[in-house]
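Colleague: Take this structure, written in structure tokens, and hold onto it; I'll ask about it next.
The values are calculated or read from the model by the stated rules, or taken from the named source; none is laboratory data. Being a predicted model, the structure only gives us computed values, none of them experimental. Note: ideal-geometry Cβ built from the backbone for every residue, glycine included; neighbour counts use all protein chains shown.
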Amino acid sequence: MAILRARKTWKRAPIPKKHGFRLTPAEKASVRAALRAATRRYGSIVELAAKMGVGRKYVDEAVGRRARVGIGIALAFARAIGVPFEDVIAGRPIPT
């Protein structure tokens with residue numbers, strides 16, 4: 001059995017990050033615009049957040065550009081108002 005004379009450390013190979021589906025800047029802008037329009041339609045951010053099943057603060061920050069707009073909020077929004085996800089990220093008008 002060999003004796004180590006100097007301190008040796010072993011490092012694990014880095015785990016590659018999995019970047020799933022990400023929204024482009026144009027798609028993020030479309031989601032924010034749709035959230036703003038739906039906020040006017042439902043009367044308040046509180047009512048829209050309740051319909052989406054997320055917190056009011058999260059919707060408020062997403063509309064106000066203080067939070068990241070990701071696929072999760074876009075999907076919750078599309079399900080809540082009953083439109084296809086593709087329409088939300090493409091910027092198509094939301095039916096009133």
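Colleague: Within region 20-32, identify whether any single residue is out of contact with any Gly (no Cβ under 8 Å at 6 or more places or on another chain), surrounded by fewer than 14 Cβ atoms within 10 Å (Cβ to Cβ), of a type outside the set (Val, Ile, Thr) and at pLDDT below 90, and answer yes or no.
Modeller: yes
Colleague: So, in region 38-92, exactly how many residues are over 22 Å from Arg22 (Cβ atoms) and in contact (Cβ under 8 Å) with a residue 40 or more places away in the chain?
Modeller: Count: 3.
Colleague: Determine whether Glu27 is of a type in the set (Asp, Glu) and under 17 Å from Val88 (Cα atoms).
Modeller: yes
Colleague: If only one of Ala37, Ala13 is more than 17 Å from the chain's Cα centre (by Cα) and not in a loop (DSSP other than H, G, I, E, B), which one is it?
Modeller: The unique qualifying residue is Ala37.
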